[in-house]
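Presented below is the structure to which this report refers.
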2 protein chains.
Amino acid sequence: MTIKDIARLSRYSVSTVSRALNDHPDINQDTKKKILKIARDNNFVPNSNAIRLKAFEENSVVIIVKGEFNLFFSSLIEHLQFYIEKSGFRGFTNYIHTSENEIQTAIRVCAEQKPKGIVFLGGDIENFRKDFERINIPCVLCTAISLELDYPNLSCISADDLAGGAMAIKFLLEKGHRNIGIIGGDISTECSCQLRYEGCLKGFEEYGLSFDTDLYEYSSFDFNDSYNSVKRLIKRHPEITAIFSMSDVMAIGASTALMDMGYSVPEDISVIGFDGIEISKFFKPKITTFIQPQDKIAKKSIELLTSMINGKKPARVLLQTKLIERESVVEHMEVSNVSVQF
Amino acid sequence: MTIKDIARLSRYSVSTVSRALNDHPDINQDTKKKILKIARDNNFVPNSNAIRLKAFEENSVVIIVKGEFNLFFSSLIEHLQFYIEKSGFRGFTNYIHTSENEIQTAIRVCAEQKPKGIVFLGGDIENFRKDFERINIPCVLCTAISLELDYPNLSCISADDLAGGAMAIKFLLEKGHRNIGIIGGDISTECSCQLRYEGCLKGFEEYGLSFDTDLYEYSSFDFNDSYNSVKRLIKRHPEITAIFSMSDVMAIGASTALMDMGYSVPEDISVIGFDGIEISKFFKPKITTFIQPQDKIAKKSIELLTSMINGKKPARVLLQTKLIERESVVEHMEVSNVSVQF
DNA sequence: CTGAAAGCGCTTACAG
DNA sequence: CTGAAAGCGCTTACAG
């Protein structure tokens, strides 16, 4: 059933049928009714490949999500979708695997769908540097900020990872912890991890302390992986009394590992997370964490995008994270460890 | 940059360019090389709208997922994708909101993409009954089985929800629990919840007991909602010593609520879940649950689909769930409550 | 091995 | 208000 069939059945031309179907103003209301009835009766579904092939001007915004199962992104998407629709666009979400190249995907999407703009959720700075110049519609990179990325059609938005990392460490130091371990992503390639890590170093510095890099353990953003990472870390450094995990998912994996090893969290070892995803407050102990302002990130992202669509210049926006004290961090009590000396 | 531009640049016809780009056998290798070089040099990306508009025979399988943030589905998708590719198809995932009609989506997808088959992850039996006849390619409904759905192009696959529900209740009864609460979805519309509920009733029956429906509390498949549901349930029935939650997400929300109310899980109240999603073993206490055989479900789904694509008849497949005892259920110790009588 | 032509299903100036 | 025609970017018989 195509528009042609409807034309035949209704004895109108395809042009008129098309106009009826698309709420075109220049059409007789009776004609329109007749045509719409026939379309409905025959369960007509327009072929959007054909529509898009014609329509150079899709009124859409595409979200490209790198990493299908990132709990932080999942909920951010809902917020983004809300603001996209509020701005009068249609939102399409495109999930790609971490190993895929988001810029290649964006190029394809541009060729096919001609969206008005793209929001990247996660992205590899390297991929951007290499090929972003081939994209010429407004884009927002969310959540990562890199000064190296300087294009007239790219805005960046992110939580202040540097400040967040520093705050996390200072918070633990203030609680009396001195043996602090850190688990997080690849600090040589993952932008936000790198910044959080630098923040950590700053936090130590401000207290006149330095961080022993052997207390850092790599983990992907995954329950199982962080579970194993922490086990390795604690075996190497049983003196640790607090752990900063660069995501809540990691904090949960870490806490579970610690409890399985026989430690109490937070009594024996405190754990602090990052992100503020929903599940962090359903875990026991409830995870103390830094909340990324999801709604603000989403709102601002779409503001940036629409203003660029309207010809404005791009911008870089940094948003502050907020500490939420829950149950997984406590003050470190110095156990006096003095051996009796004669 | 289109195929036409490449034709102009290469001084070949569009037909030849198309053949070069598509690995067509009837083409001179030198010609092909030249054309491919030009395509690469110009970052040519084919417009897949145009391709699909032509290609009546896409070699694809579409997964339509109802409910974007269902943790059980998320991991099932990965398995499905694996088997789809293994069978030589390309897999596309289409997320729709719970309120959207999956059959309408399928009809549109058929019109646009002409896939070889569709896998539905979740679905409303009512929608199927109303409009599925309009779909004429092989489909698999996963995970729900309804005898009312009898079409030559629809297979169903599901875990044995009825048996699972019965086993859950019998397990709790065997552990000595007699005051058992249940939280789950809408048992009048959600097929799998309905079956799990019927299973529960059977479980009680086998022990010569009956279930007081006031001990059932509705919850959506969501942390927050189950958190609140359980609070309502326990306020109404403080005598409860064990809860069956129809999903692990609910079990986690429930356990958190109980602990926040001051109960110990499982010492005061045991909680058993359903699904076997990853996070259930990272929660504290680790959730005792019934594992749905995800890999088997995925494998069998694609087997069913491909055999239908090859002209075979549809089938209904029921797979057994498996109890995994972890930490959230313990034996109920009868506290003697005898008042001294004179 | 290559090219000219038709056509996939739709939209949209243009003419009336 | 309506229709005939061109065209979006591609593929594929058909002819040579």
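The values are calculated or read from the model by the stated rules, or taken from the named source; none is laboratory data. Note that the structure is a prediction, hence the values are computed from the model and not measured. Cβ placement follows ideal geometry from the backbone for every residue including glycine, while neighbour counts extend to all protein chains displayed.
Below is a table of values for the structure above.
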item	result
Test: residue in the range B:12-29 that is under 23 Å from A:I135 (Cα atoms), away from chain A (no Cβ under 13 Å) and in contact with a helix residue (DSSP H, G or I) (Cβ under 8 Å, 6 or more places away or on another chain)	yes
Boolean, B:I157 is of a type in the set (V, I, T) and out of contact with any Leu (no Cβ under 9 Å at 6 or more places or on another chain)	no
Tally of residues being within 17 Å of A:A144 (Cα to Cα) and in a strand (DSSP E or B) across the range A:98-121	4
Filter result for B:G273 (free of Cβ contacts under 8 Å to residues at least 24 places away in the same chain, farther than 13 Å from B:L71 by Cα and more than 8 Å from every other protein chain (Cβ to nearest Cβ))	no
Filter result for B:E78 (away from chain A (no Cβ under 13 Å) and either in contact with a strand residue (DSSP E or B) (Cβ under 6 Å, 6 or more places away or on another chain) or farther than 22 Å from B:M308 by Cβ (or both))	no
Residue selected from the range A:28-52 under the condition crowded, with 18+ Cβ neighbours inside 10 Å and within 12 Å of DNA strand C (Cβ to nearest atom), by the criterion nearest to A:I118 (Cα to Cα)	A:R52
Qualifying positions in the range A:106-133 - within 14 Å of chain B (Cβ to nearest Cβ), surrounded by fewer than 21 Cβ atoms within 10 Å (Cβ to Cβ), touching a strand residue (DSSP E or B) at 6+ places or on another chain (Cβ under 9 Å) and not hydrophobic (A, V, I, L, M, F, W, C)	A:Q113, A:K114
Residue that is farthest from B:R108 (Cα to Cα), among those in the range B:122-146 that are part of a helix (DSSP H, G or I) and free of Cβ contacts under 8 Å to residues at least 24 places away in the same chain	B:R129
Any hit, the range A:82-94, residues being in contact with a Gly (Cβ under 7 Å, 6 or more places away or on another chain) and under 20 Å from B:I77 (Cβ atoms)	no
In the range A:223-242, residue surrounded by the fewest Cβ atoms within 10 Å (Cβ to Cβ) [restricted to those that are touching a Ser or Thr at 6+ places or on another chain (Cβ under 8 Å) and more than 28 Å from B:S75 (Cβ to Cβ)]	A:T241
Count of the range A:90-105 residues which are over 18 Å from the mean Cα position of the chain (by Cα) and within 13 Å of another protein chain (Cβ to nearest Cβ)	1
Helices (runs of 4 or more DSSP H) (entirely within the range A:186-263) containing at least 1 residues that are within 14 Å of chain B (Cβ to nearest Cβ)	A:223-236, A:248-260
The one condition in (1) within 13 Å of chain B (Cβ to nearest Cβ); (2) part of a helix (DSSP H, G or I); (3) crowded, with 18+ Cβ neighbours inside 10 Å that A:K284 fails to fulfil	(2)
Scan of the range A:264-281 for residues that are more than 18 Å from the chain's Cα centre (by Cα) and assigned to a strand (DSSP E or B), ordered by number	A:S270, A:V271, A:I272
From the options B:G181, B:G164, residue that is touching a His at 6+ places or on another chain (Cβ under 7 Å), at pLDDT 95 or above and surrounded by 18 or more Cβ atoms within 10 Å (Cβ to Cβ)	B:G181
Candidate set from the range A:1-26 (those that are more than 45 Å from the chain's Cα centre (by Cα) and either more than 10 Å from DNA strand C (Cβ to nearest atom) or aromatic (F, W, Y) (or both)); member that is surrounded by the most Cβ atoms within 10 Å (Cβ to Cβ)	A:Y12
Condition met for A:I243 (touching a Phe, Trp or Tyr at 6+ places or on another chain (Cβ under 6 Å) and touching a residue at least 60 places away in the same chain (Cβ under 8 Å))	no
Test for B:R178: is it in a loop (DSSP other than H, G, I, E, B) and under 22 Å from B:V329 (Cβ atoms)	yes
Filter pass, B:E190 being free of Cβ contacts under 8 Å to residues at least 60 places away in the same chain, within 19 Å of the chain's Cα centre (by Cα) and surrounded by fewer than 22 Cβ atoms within 10 Å (Cβ to Cβ)	yes
Residue within the range B:81-97 that is within 16 Å of DNA strand C (Cβ to nearest atom) and either assigned to a loop (DSSP other than H, G, I, E, B) or surrounded by 15 or more Cβ atoms within 10 Å (Cβ to Cβ) (or both) present	no
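For (1) of a type in the set (S, T, N, Q); (2) assigned to a helix (DSSP H, G or I); (3) outside the structural domain of A:F120 (by TED's automatic domain parsing); (4) closer than 23 Å to B:V109 by Cα, each residue gets a yes or a no:
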position: A:L9; (1), (2), (3), (4): no, yes, yes, no
position: A:Y12; (1), (2), (3), (4): no, no, yes, no
position: A:S15; (1), (2), (3), (4): yes, yes, yes, no
position: A:S18; (1), (2), (3), (4): yes, yes, yes, yes
position: A:D26; (1), (2), (3), (4): no, no, yes, no
position: A:K34; (1), (2), (3), (4): no, yes, yes, no
position: A:I38; (1), (2), (3), (4): no, yes, yes, yes
position: A:R52; (1), (2), (3), (4): no, yes, yes, yes
position: A:V65; (1), (2), (3), (4): no, no, no, yes
